[in-house]
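Asks: Attaching a single structure in C-alpha coordinates format; questions to follow.
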Amino acid sequence: MNQDLFQAPDYYNLDDLLTDEHKMVRDAARDWVKRSVSPIIEEAAQRAEFPNEILGGLAEVGAFGPYIPEEYGGAGLDQISYGLIMQELERGDSGVRSTASVQSSLVMYPIFKYGSEEQKQKYLPKLASGEMIGCFGLTEPNHGSNPGGMETKIKDMGDHYLLNGAKMWISNAPFADIAIVWAKNEEGRIHGLVVERGMEGFTTPETHNKWSLRTSATGELIFDNVKIPKENILPEKSGLGAPLGCLDSARFGIAWGAIGAAMDCYDTALRYSKERVQFGKPIAAFQLQQKKLAEMITEITKAQLLAWRLGALKNEGRATSAQISMAKRNNVDMALKIAREARQILGAMGITGDYSIMRHMMNLESVITYEGTHDIHLLITGMDITGENAFK
Ligand code: TGC
Ligand code: FAD
(Lines give C-alpha, C1' and ligand atoms only; values in the text may rest on other atoms or scores of the structure.)
(Ligands and ions follow the chains in the order given, each with its own letter.)
Protein backbone atom coordinates (compact mmCIF):
# COMPACT_ATOMS: atom_id res chain seq x y z
CA MET A 1 0.00 0.00 0.00
CA ASN A 2 0.94 3.68 -0.19
CA GLN A 3 2.92 5.00 2.74
CA ASP A 4 0.70 5.93 5.71
CA LEU A 5 0.85 9.75 5.72
CA PHE A 6 -2.14 10.22 8.03
CA GLN A 7 -2.50 13.56 9.80
CA ALA A 8 -5.40 13.74 12.22
CA PRO A 9 -7.80 16.61 11.64
CA ASP A 10 -8.61 18.71 14.73
CA TYR A 11 -10.45 21.72 13.35
CA TYR A 12 -11.86 22.95 16.67
CA ASN A 13 -8.69 22.33 18.73
CA LEU A 14 -10.37 19.49 20.57
CA ASP A 15 -7.00 18.39 21.88
CA ASP A 16 -7.44 21.24 24.40
CA LEU A 17 -10.27 19.21 25.96
CA LEU A 18 -8.05 16.16 26.47
CA THR A 19 -5.84 15.46 29.47
CA ASP A 20 -2.15 14.61 29.09
CA GLU A 21 -3.06 10.99 29.79
CA HIS A 22 -5.69 10.99 27.01
CA LYS A 23 -3.16 12.36 24.54
CA MET A 24 -0.47 9.91 25.61
CA VAL A 25 -2.82 6.93 25.24
CA ARG A 26 -4.16 8.21 21.91
CA ASP A 27 -0.70 8.92 20.50
CA ALA A 28 0.61 5.49 21.53
CA ALA A 29 -2.30 3.81 19.71
CA ARG A 30 -1.86 6.14 16.71
CA ASP A 31 1.87 5.35 16.40
CA TRP A 32 1.25 1.64 16.76
CA VAL A 33 -1.43 1.65 14.05
CA LYS A 34 0.94 3.50 11.73
CA ARG A 35 3.79 1.07 12.40
CA SER A 36 2.00 -2.25 12.77
CA VAL A 37 -1.46 -2.07 11.19
CA SER A 38 -1.19 0.16 8.11
CA PRO A 39 1.61 -1.84 6.46
CA ILE A 40 -0.21 -5.18 6.64
CA ILE A 41 -3.92 -4.48 6.75
CA GLU A 42 -4.71 -4.17 3.06
CA GLU A 43 -3.22 -7.58 2.31
CA ALA A 44 -5.00 -9.13 5.29
CA ALA A 45 -8.28 -7.69 3.95
CA GLN A 46 -7.58 -9.04 0.47
CA ARG A 47 -6.92 -12.49 2.01
CA ALA A 48 -9.96 -12.08 4.27
CA GLU A 49 -7.95 -13.04 7.34
CA PHE A 50 -7.57 -11.56 10.78
CA PRO A 51 -3.85 -10.73 11.18
CA ASN A 52 -2.99 -12.73 14.29
CA GLU A 53 0.39 -11.08 14.55
CA ILE A 54 -1.20 -7.85 15.85
CA LEU A 55 -2.76 -9.42 18.98
CA GLY A 56 0.29 -8.68 21.15
CA GLY A 57 0.40 -5.06 19.98
CA LEU A 58 -3.31 -4.59 20.67
CA ALA A 59 -2.74 -5.74 24.24
CA GLU A 60 0.28 -3.45 24.60
CA VAL A 61 -1.62 -0.30 23.59
CA GLY A 62 -4.29 -1.16 26.16
CA ALA A 63 -6.96 -2.06 23.59
CA PHE A 64 -8.09 -5.13 25.56
CA GLY A 65 -10.04 -3.84 28.55
CA PRO A 66 -8.92 -0.19 28.58
CA TYR A 67 -11.34 0.68 31.41
CA ILE A 68 -11.11 -2.63 33.31
CA PRO A 69 -9.25 -2.09 36.63
CA GLU A 70 -5.55 -2.89 36.69
CA GLU A 71 -6.05 -5.53 39.42
CA TYR A 72 -7.70 -7.67 36.71
CA GLY A 73 -5.08 -6.89 34.09
CA GLY A 74 -6.96 -4.02 32.42
CA ALA A 75 -5.46 -0.58 31.75
CA GLY A 76 -7.62 1.22 34.37
CA LEU A 77 -8.28 4.13 32.01
CA ASP A 78 -11.34 6.37 31.71
CA GLN A 79 -14.01 6.26 29.02
CA ILE A 80 -12.51 9.01 26.87
CA SER A 81 -9.23 7.09 26.69
CA TYR A 82 -11.21 3.99 25.71
CA GLY A 83 -12.93 6.00 22.98
CA LEU A 84 -9.68 7.45 21.69
CA ILE A 85 -8.11 3.98 21.42
CA MET A 86 -11.12 2.76 19.43
CA GLN A 87 -10.86 5.85 17.18
CA GLU A 88 -7.22 5.12 16.39
CA LEU A 89 -7.80 1.41 15.78
CA GLU A 90 -10.65 2.07 13.38
CA ARG A 91 -8.53 4.70 11.64
CA GLY A 92 -6.50 1.63 10.68
CA ASP A 93 -9.40 -0.73 10.04
CA SER A 94 -12.87 -1.39 11.48
CA GLY A 95 -12.09 -5.10 11.76
CA VAL A 96 -9.18 -4.38 14.09
CA ARG A 97 -11.41 -2.14 16.21
CA SER A 98 -14.11 -4.82 16.18
CA THR A 99 -11.75 -7.40 17.62
CA ALA A 100 -10.83 -5.02 20.42
CA SER A 101 -14.45 -3.90 20.99
CA VAL A 102 -15.67 -7.45 21.35
CA GLN A 103 -12.83 -8.45 23.66
CA SER A 104 -13.24 -5.36 25.87
CA SER A 105 -16.92 -4.53 25.96
CA LEU A 106 -18.62 -7.77 25.08
CA VAL A 107 -16.38 -10.30 26.84
CA MET A 108 -14.35 -8.59 29.59
CA TYR A 109 -17.14 -6.16 30.53
CA PRO A 110 -19.82 -8.83 31.23
CA ILE A 111 -17.33 -10.94 33.18
CA PHE A 112 -16.27 -7.88 35.17
CA LYS A 113 -19.83 -6.60 35.74
CA TYR A 114 -21.85 -9.80 36.08
CA GLY A 115 -19.20 -12.44 36.87
CA SER A 116 -18.12 -14.07 40.14
CA GLU A 117 -14.75 -13.22 41.69
CA GLU A 118 -13.46 -16.64 40.55
CA GLN A 119 -14.56 -15.95 36.97
CA LYS A 120 -12.87 -12.53 37.03
CA GLN A 121 -9.60 -14.02 38.30
CA LYS A 122 -9.75 -16.91 35.86
CA TYR A 123 -10.49 -15.01 32.64
CA LEU A 124 -9.82 -11.27 32.84
CA PRO A 125 -5.98 -11.19 33.08
CA LYS A 126 -5.64 -13.63 30.17
CA LEU A 127 -8.12 -11.65 28.07
CA ALA A 128 -6.29 -8.39 28.84
CA SER A 129 -2.95 -9.82 27.70
CA GLY A 130 -4.43 -11.33 24.53
CA GLU A 131 -3.44 -14.82 25.70
CA MET A 132 -7.15 -15.62 25.50
CA ILE A 133 -9.61 -14.27 22.90
CA GLY A 134 -13.34 -14.10 23.45
CA CYS A 135 -16.53 -13.63 21.47
CA PHE A 136 -20.12 -12.63 22.30
CA GLY A 137 -23.10 -14.66 21.12
CA LEU A 138 -26.41 -12.81 21.14
CA THR A 139 -27.67 -12.79 17.51
CA GLU A 140 -29.38 -15.92 16.20
CA PRO A 141 -30.52 -17.02 12.74
CA ASN A 142 -34.12 -15.97 13.55
CA HIS A 143 -33.40 -13.13 15.99
CA GLY A 144 -31.20 -10.15 15.09
CA SER A 145 -32.77 -6.83 16.01
CA ASN A 146 -35.08 -8.67 18.38
CA PRO A 147 -32.71 -10.62 20.64
CA GLY A 148 -35.42 -11.01 23.30
CA GLY A 149 -36.96 -13.72 21.08
CA MET A 150 -33.85 -15.93 21.26
CA GLU A 151 -34.31 -19.70 21.07
CA THR A 152 -30.97 -20.87 22.52
CA LYS A 153 -31.76 -22.71 25.75
CA ILE A 154 -30.18 -24.04 28.92
CA LYS A 155 -31.73 -26.90 30.85
CA ASP A 156 -30.91 -27.50 34.51
CA MET A 157 -29.58 -31.06 34.89
CA GLY A 158 -28.81 -30.81 38.62
CA ASP A 159 -25.02 -30.56 38.69
CA HIS A 160 -24.71 -28.86 35.27
CA TYR A 161 -26.71 -27.22 32.46
CA LEU A 162 -27.29 -28.56 28.95
CA LEU A 163 -26.97 -25.89 26.26
CA ASN A 164 -28.68 -26.19 22.87
CA GLY A 165 -29.13 -23.71 20.02
CA ALA A 166 -27.15 -21.59 17.58
CA LYS A 167 -25.78 -18.07 17.25
CA MET A 168 -24.69 -16.46 14.01
CA TRP A 169 -22.72 -13.45 12.78
CA ILE A 170 -20.37 -13.72 15.73
CA SER A 171 -17.15 -11.67 15.54
CA ASN A 172 -13.99 -13.59 16.61
CA ALA A 173 -15.99 -16.85 16.80
CA PRO A 174 -13.71 -18.96 14.58
CA PHE A 175 -10.68 -18.56 16.85
CA ALA A 176 -12.14 -17.49 20.19
CA ASP A 177 -11.07 -19.44 23.27
CA ILE A 178 -14.25 -18.54 25.11
CA ALA A 179 -17.72 -17.34 24.16
CA ILE A 180 -20.07 -15.27 26.31
CA VAL A 181 -23.37 -16.83 25.28
CA TRP A 182 -26.88 -15.61 26.09
CA ALA A 183 -29.50 -18.32 26.53
CA LYS A 184 -32.94 -18.77 28.11
CA ASN A 185 -33.58 -21.08 31.04
CA GLU A 186 -36.73 -23.19 31.40
CA GLU A 187 -38.62 -20.15 32.76
CA GLY A 188 -37.60 -18.05 29.74
CA ARG A 189 -35.14 -15.90 31.74
CA ILE A 190 -31.99 -14.88 29.82
CA HIS A 191 -28.63 -15.78 31.40
CA GLY A 192 -25.04 -15.22 30.32
CA LEU A 193 -22.64 -18.15 30.39
CA VAL A 194 -19.02 -18.77 29.57
CA VAL A 195 -18.62 -21.51 26.97
CA GLU A 196 -15.06 -22.74 26.46
CA ARG A 197 -13.57 -24.04 23.22
CA GLY A 198 -13.15 -27.79 23.50
CA MET A 199 -16.43 -28.42 25.33
CA GLU A 200 -18.07 -31.40 23.67
CA GLY A 201 -20.85 -30.43 21.23
CA PHE A 202 -19.57 -26.86 20.75
CA THR A 203 -18.46 -25.85 17.22
CA THR A 204 -17.67 -22.51 15.54
CA PRO A 205 -17.86 -22.71 11.73
CA GLU A 206 -16.52 -19.65 9.92
CA THR A 207 -18.73 -17.40 7.76
CA HIS A 208 -17.07 -16.87 4.38
CA ASN A 209 -17.65 -14.56 1.39
CA LYS A 210 -17.97 -11.30 3.30
CA TRP A 211 -17.37 -8.13 1.27
CA SER A 212 -17.12 -6.16 4.50
CA LEU A 213 -15.03 -6.41 7.67
CA ARG A 214 -12.76 -8.88 5.93
CA THR A 215 -10.00 -8.58 8.54
CA SER A 216 -12.38 -9.68 11.29
CA ALA A 217 -13.23 -13.37 11.52
CA THR A 218 -16.98 -13.97 11.74
CA GLY A 219 -18.66 -17.27 12.49
CA GLU A 220 -21.45 -19.26 14.04
CA LEU A 221 -21.66 -20.79 17.49
CA ILE A 222 -23.41 -24.15 17.49
CA PHE A 223 -24.40 -25.90 20.70
CA ASP A 224 -25.46 -29.51 20.58
CA ASN A 225 -26.12 -30.74 24.12
CA VAL A 226 -23.10 -28.88 25.49
CA LYS A 227 -22.51 -29.62 29.20
CA ILE A 228 -21.98 -26.31 30.98
CA PRO A 229 -20.65 -26.46 34.55
CA LYS A 230 -22.81 -24.41 36.92
CA GLU A 231 -19.85 -22.21 37.84
CA ASN A 232 -19.79 -20.93 34.22
CA ILE A 233 -23.05 -18.97 34.58
CA LEU A 234 -22.55 -15.22 35.14
CA PRO A 235 -24.30 -14.92 38.50
CA GLU A 236 -24.76 -11.20 39.07
CA LYS A 237 -27.31 -10.22 36.40
CA SER A 238 -29.93 -11.91 34.24
CA GLY A 239 -32.63 -10.74 31.82
CA LEU A 240 -32.29 -8.99 28.44
CA GLY A 241 -30.90 -5.91 30.18
CA ALA A 242 -27.67 -7.87 30.86
CA PRO A 243 -26.55 -8.27 27.23
CA LEU A 244 -28.01 -4.86 26.31
CA GLY A 245 -25.86 -3.29 29.04
CA CYS A 246 -22.76 -4.72 27.31
CA LEU A 247 -23.97 -3.28 24.02
CA ASP A 248 -24.07 0.19 25.57
CA SER A 249 -20.36 -0.07 26.22
CA ALA A 250 -19.52 -1.44 22.77
CA ARG A 251 -21.76 1.09 20.98
CA PHE A 252 -19.97 3.89 22.83
CA GLY A 253 -16.65 2.59 21.46
CA ILE A 254 -18.10 2.39 17.95
CA ALA A 255 -19.28 6.02 18.14
CA TRP A 256 -15.60 6.94 18.60
CA GLY A 257 -14.24 4.31 16.23
CA ALA A 258 -16.28 5.53 13.27
CA ILE A 259 -14.65 8.95 13.64
CA GLY A 260 -11.29 7.28 13.02
CA ALA A 261 -12.46 5.76 9.73
CA ALA A 262 -13.94 9.13 8.68
CA MET A 263 -10.74 11.00 9.58
CA ASP A 264 -8.68 8.60 7.50
CA CYS A 265 -10.97 8.99 4.46
CA TYR A 266 -11.04 12.79 4.79
CA ASP A 267 -7.28 13.06 5.24
CA THR A 268 -6.62 10.81 2.23
CA ALA A 269 -9.06 12.72 0.02
CA LEU A 270 -7.71 16.13 1.10
CA ARG A 271 -4.12 15.13 0.29
CA TYR A 272 -5.11 13.56 -3.02
CA SER A 273 -7.16 16.58 -4.05
CA LYS A 274 -4.14 18.86 -3.59
CA GLU A 275 -1.91 16.59 -5.67
CA ARG A 276 -4.22 15.54 -8.50
CA VAL A 277 -4.21 18.02 -11.36
CA GLN A 278 -7.01 18.23 -13.94
CA PHE A 279 -7.75 21.11 -16.34
CA GLY A 280 -4.44 22.64 -15.26
CA LYS A 281 -5.32 22.96 -11.57
CA PRO A 282 -5.29 20.74 -8.47
CA ILE A 283 -8.82 19.38 -8.13
CA ALA A 284 -8.83 20.93 -4.62
CA ALA A 285 -9.21 24.28 -6.37
CA PHE A 286 -12.61 23.38 -7.82
CA GLN A 287 -15.65 24.45 -5.82
CA LEU A 288 -17.39 21.09 -6.09
CA GLN A 289 -14.45 19.29 -4.45
CA GLN A 290 -14.16 21.99 -1.79
CA LYS A 291 -17.85 21.55 -0.95
CA LYS A 292 -17.25 17.85 -0.35
CA LEU A 293 -14.15 18.44 1.79
CA ALA A 294 -15.66 21.34 3.75
CA GLU A 295 -18.76 19.31 4.57
CA MET A 296 -16.60 16.36 5.62
CA ILE A 297 -14.56 18.34 8.13
CA THR A 298 -17.74 19.95 9.46
CA GLU A 299 -19.35 16.56 10.05
CA ILE A 300 -16.18 15.10 11.58
CA THR A 301 -15.92 18.04 13.96
CA LYS A 302 -19.56 17.67 15.05
CA ALA A 303 -19.02 13.93 15.60
CA GLN A 304 -15.86 14.58 17.62
CA LEU A 305 -17.76 16.97 19.89
CA LEU A 306 -20.62 14.50 20.32
CA ALA A 307 -18.21 11.71 21.23
CA TRP A 308 -16.21 13.85 23.64
CA ARG A 309 -19.32 15.03 25.48
CA LEU A 310 -20.68 11.49 25.62
CA GLY A 311 -17.34 10.34 27.06
CA ALA A 312 -17.48 13.06 29.72
CA LEU A 313 -21.04 12.01 30.64
CA LYS A 314 -20.00 8.37 30.72
CA ASN A 315 -17.08 9.17 33.01
CA GLU A 316 -19.61 10.73 35.39
CA GLY A 317 -21.93 7.72 35.07
CA ARG A 318 -24.58 9.93 33.45
CA ALA A 319 -24.63 8.76 29.81
CA THR A 320 -27.99 7.19 28.98
CA SER A 321 -28.51 4.26 26.59
CA ALA A 322 -30.47 6.58 24.29
CA GLN A 323 -27.62 9.11 24.19
CA ILE A 324 -25.24 6.29 23.25
CA SER A 325 -27.63 5.16 20.50
CA MET A 326 -27.73 8.66 19.04
CA ALA A 327 -23.94 8.90 18.91
CA LYS A 328 -23.49 5.42 17.41
CA ARG A 329 -26.09 6.12 14.75
CA ASN A 330 -24.92 9.60 13.86
CA ASN A 331 -21.21 8.89 13.79
CA VAL A 332 -21.37 5.67 11.76
CA ASP A 333 -23.71 7.26 9.23
CA MET A 334 -21.40 10.28 9.05
CA ALA A 335 -18.37 8.04 8.43
CA LEU A 336 -20.11 6.00 5.75
CA LYS A 337 -21.22 9.14 3.88
CA ILE A 338 -17.70 10.56 4.11
CA ALA A 339 -16.19 7.32 2.81
CA ARG A 340 -18.53 7.43 -0.21
CA GLU A 341 -17.70 11.10 -0.96
CA ALA A 342 -13.98 10.61 -0.40
CA ARG A 343 -14.00 7.67 -2.81
CA GLN A 344 -15.40 9.93 -5.50
CA ILE A 345 -12.70 12.55 -4.93
CA LEU A 346 -10.11 9.90 -5.77
CA GLY A 347 -11.86 9.01 -9.01
CA ALA A 348 -10.83 5.59 -10.30
CA MET A 349 -7.91 5.41 -7.86
CA GLY A 350 -10.47 5.34 -5.07
CA ILE A 351 -11.62 1.86 -5.93
CA THR A 352 -8.17 0.31 -5.51
CA GLY A 353 -6.48 -1.15 -2.48
CA ASP A 354 -3.71 1.42 -2.89
CA TYR A 355 -5.86 3.64 -0.70
CA SER A 356 -7.82 2.75 2.43
CA ILE A 357 -11.08 4.46 1.48
CA MET A 358 -12.92 1.62 -0.25
CA ARG A 359 -11.96 -0.77 2.56
CA HIS A 360 -13.36 1.68 5.13
CA MET A 361 -16.51 2.11 3.07
CA MET A 362 -17.16 -1.61 2.85
CA ASN A 363 -16.34 -2.10 6.55
CA LEU A 364 -18.76 0.62 7.59
CA GLU A 365 -21.60 -1.27 5.89
CA SER A 366 -21.24 -3.82 8.71
CA VAL A 367 -20.71 -1.21 11.39
CA ILE A 368 -23.98 0.53 10.47
CA THR A 369 -25.78 -2.83 10.88
CA TYR A 370 -24.16 -4.46 13.89
CA GLU A 371 -24.62 -3.39 17.50
CA GLY A 372 -28.13 -2.24 16.54
CA THR A 373 -29.01 -1.16 13.01
CA HIS A 374 -29.34 2.45 11.88
CA ASP A 375 -33.15 2.01 12.08
CA ILE A 376 -33.12 0.48 15.55
CA HIS A 377 -31.09 3.37 16.98
CA LEU A 378 -33.48 5.86 15.43
CA LEU A 379 -36.38 4.04 17.08
CA ILE A 380 -34.55 4.10 20.42
CA THR A 381 -34.21 7.90 20.11
CA GLY A 382 -37.83 8.15 18.96
CA MET A 383 -39.04 6.17 21.96
CA ASP A 384 -36.89 8.22 24.33
CA ILE A 385 -38.27 11.58 23.18
CA THR A 386 -41.91 10.58 22.64
CA GLY A 387 -42.41 7.84 25.22
CA GLU A 388 -43.98 5.74 22.45
CA ASN A 389 -42.55 2.31 21.50
CA ALA A 390 -42.55 1.99 17.69
CA PHE A 391 -40.65 -1.34 17.60
CA LYS A 392 -43.65 -3.58 17.94
P1 TGC B 1 -36.92 -3.85 26.08
O2 TGC B 1 -38.21 -4.40 26.60
O3 TGC B 1 -36.87 -2.44 25.60
O4 TGC B 1 -35.78 -4.02 27.18
C5 TGC B 1 -35.56 -5.25 27.88
C6 TGC B 1 -34.81 -4.93 29.15
O7 TGC B 1 -33.52 -4.38 28.82
C8 TGC B 1 -33.40 -3.04 29.34
N9 TGC B 1 -32.63 -2.27 28.34
C10 TGC B 1 -31.36 -1.96 28.48
N11 TGC B 1 -30.50 -2.18 29.48
C12 TGC B 1 -29.25 -1.72 29.34
N13 TGC B 1 -28.81 -1.11 28.21
C14 TGC B 1 -29.65 -0.88 27.17
N15 TGC B 1 -29.21 -0.29 26.05
C16 TGC B 1 -30.99 -1.30 27.28
N17 TGC B 1 -32.07 -1.27 26.46
C18 TGC B 1 -33.08 -1.87 27.13
C19 TGC B 1 -34.81 -2.57 29.54
O20 TGC B 1 -34.87 -1.56 30.52
C21 TGC B 1 -35.49 -3.84 29.99
O22 TGC B 1 -35.14 -4.09 31.33
P23 TGC B 1 -36.20 -4.80 32.33
O24 TGC B 1 -35.48 -4.82 33.64
O25 TGC B 1 -37.42 -3.93 32.32
O26 TGC B 1 -36.45 -6.16 31.76
O27 TGC B 1 -36.41 -4.86 24.95
P28 TGC B 1 -36.99 -5.15 23.52
O29 TGC B 1 -37.13 -6.64 23.42
O30 TGC B 1 -38.20 -4.31 23.24
O31 TGC B 1 -35.79 -4.70 22.54
C32 TGC B 1 -35.33 -3.40 22.55
C33 TGC B 1 -34.26 -3.18 21.45
C34 TGC B 1 -34.86 -3.43 20.08
C35 TGC B 1 -33.84 -1.74 21.54
C36 TGC B 1 -33.03 -4.05 21.69
O37 TGC B 1 -33.34 -5.36 21.79
C38 TGC B 1 -31.91 -3.81 20.72
O39 TGC B 1 -31.05 -3.01 21.03
N40 TGC B 1 -31.84 -4.52 19.53
C41 TGC B 1 -30.66 -4.46 18.69
C42 TGC B 1 -29.88 -5.75 18.84
C43 TGC B 1 -28.41 -5.53 18.83
O44 TGC B 1 -27.90 -4.43 18.97
N45 TGC B 1 -27.66 -6.61 18.72
C46 TGC B 1 -26.25 -6.54 18.74
C47 TGC B 1 -25.62 -7.90 18.81
S48 TGC B 1 -23.92 -7.85 19.31
C49 TGC B 1 -23.12 -7.22 17.98
O50 TGC B 1 -23.66 -6.80 17.02
C51 TGC B 1 -21.67 -7.20 18.11
S52 TGC B 1 -20.81 -6.59 16.75
C53 TGC B 1 -19.31 -6.53 17.48
C54 TGC B 1 -18.20 -6.02 16.69
O55 TGC B 1 -17.68 -6.79 15.84
O56 TGC B 1 -17.76 -4.88 16.99
P1 FAD C 1 -32.78 -7.88 11.07
O2 FAD C 1 -33.06 -7.71 12.53
O3 FAD C 1 -33.40 -9.01 10.37
O4 FAD C 1 -33.15 -6.52 10.34
C5 FAD C 1 -33.31 -6.43 8.93
C6 FAD C 1 -33.80 -5.02 8.59
O7 FAD C 1 -35.06 -4.78 9.25
C8 FAD C 1 -32.84 -3.93 9.11
O9 FAD C 1 -32.77 -2.89 8.18
C10 FAD C 1 -33.51 -3.44 10.40
O11 FAD C 1 -33.19 -2.10 10.70
C12 FAD C 1 -34.98 -3.60 10.04
N13 FAD C 1 -35.82 -3.77 11.24
C14 FAD C 1 -35.79 -4.77 12.15
N15 FAD C 1 -36.68 -4.56 13.12
C16 FAD C 1 -37.31 -3.40 12.83
C17 FAD C 1 -38.32 -2.62 13.46
N18 FAD C 1 -38.87 -2.98 14.63
N19 FAD C 1 -38.71 -1.46 12.87
C20 FAD C 1 -38.15 -1.06 11.69
N21 FAD C 1 -37.19 -1.74 11.05
C22 FAD C 1 -36.76 -2.90 11.62
N23 FAD C 1 -24.05 -10.30 16.72
C24 FAD C 1 -23.60 -10.81 17.90
O25 FAD C 1 -24.38 -11.22 18.74
N26 FAD C 1 -22.27 -10.87 18.17
C27 FAD C 1 -21.33 -10.42 17.29
O28 FAD C 1 -20.13 -10.47 17.56
C29 FAD C 1 -21.77 -9.90 16.03
N30 FAD C 1 -20.86 -9.54 15.10
C31 FAD C 1 -21.29 -9.17 13.84
C32 FAD C 1 -20.36 -8.96 12.82
C33 FAD C 1 -20.77 -8.62 11.55
C34 FAD C 1 -19.78 -8.45 10.45
C35 FAD C 1 -22.16 -8.44 11.28
C36 FAD C 1 -22.62 -8.02 9.91
C37 FAD C 1 -23.09 -8.66 12.27
C38 FAD C 1 -22.67 -9.05 13.56
N39 FAD C 1 -23.59 -9.35 14.57
C40 FAD C 1 -23.17 -9.85 15.79
C41 FAD C 1 -25.03 -9.35 14.28
C42 FAD C 1 -25.67 -7.97 14.29
O43 FAD C 1 -25.79 -7.47 15.58
C44 FAD C 1 -27.03 -8.11 13.60
O45 FAD C 1 -26.77 -8.32 12.22
C46 FAD C 1 -27.90 -6.88 13.80
O47 FAD C 1 -28.31 -6.76 15.15
C48 FAD C 1 -29.13 -6.88 12.89
O49 FAD C 1 -29.78 -8.13 12.89
P50 FAD C 1 -30.15 -8.87 11.51
O51 FAD C 1 -28.93 -8.86 10.66
O52 FAD C 1 -30.76 -10.15 11.86
O53 FAD C 1 -31.19 -7.90 10.83
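Asks: Which lysines have a Cα lying under 18 Å from the Cα of LYS291, excluding residues fewer than 8 positions away in the same chain?
Replies: Answer for LYS291, where 18 Å is the Cα cut-off: LYS274, LYS281, LYS302, LYS337, listed by chain and number.
Asks: How would GLU118, GLU295, GLU341 line up by accessible area, probe 1.4 Å, largest first?
Replies: These residues rank, largest area first, as GLU118, GLU295, GLU341.
Asks: Tell me the per residue accessible area of the stretch 227-323 using a 1.4 Å probe; a whole number in Å² is fine. Could you put the intermediate results ahead of the total?
Replies: Values: 4300 Å² over 97 residues.
On a per-residue basis, the stretch 227-323 sits at 44 Å².
Asks: Between the stretch 287-349 and the stretch 370-389, how far is it from one alpha carbon centroid to the other, in angstrom?
Replies: Measuring centre to centre over Cα atoms gives 19 Å.
Asks: Checking the cross-link filter: which aspartates and glutamates have an alpha carbon closer than 20 Å to that of LYS314, excluding same-chain neighbours under 8 positions apart?
Replies: Answer for LYS314, where 20 Å is the Cα cut-off: ASP15, ASP16, ASP20, GLU21, GLU70, ASP78, GLU88, ASP248, GLU371, ASP384, listed by chain and number.
Asks: Tell me the per residue accessible area of the stretch 14-129 using a 1.4 Å probe; a whole number in Å² is fine.
Replies: Counting only protein heavy atoms, the per-residue value for the stretch 14-129 is 36 Å².
Asks: Gain in length, GLU388 to PHE175, computed as 0.36 nm per residue apart minus the alpha-carbon separation, to one decimal in nm? Let's see the in-between values first.
Replies: Working: separation 213, 0.36 × 213 = 76.68 nm, distance 4.16 nm.
Gain in length upon complete extension: 72.5 nm.
Asks: I've got another one for you. Determine which lysines satisfy two conditions relative to LYS34: a Cα distance under 18 Å, and not lying fewer than 8 residues away in the same chain.
Replies: Of all the lysines, those that pass the test against LYS34 - Cα under 18 Å, at least 8 places apart if same chain - are LYS23.
Asks: Related question: Using a 1.4 Å probe over the heavy atoms of the protein chains, calculate the carbon and sulfur portion of the accessible area of the stretch 134-232 as a whole percent.
Replies: Ligands and nucleic acids excluded, carbon and sulfur reach 49 percent.
The values are calculated or read from the model by the stated rules, or taken from the named source; none is laboratory data. These numbers were taken from a predicted model, which means no experiment stands behind them. We work out accessible area using only protein heavy atoms, side chains counted, and drop any ligands, DNA or RNA first. Shrake-Rupley method; radii C 1.70, N 1.55, O 1.52, S 1.80 Å.
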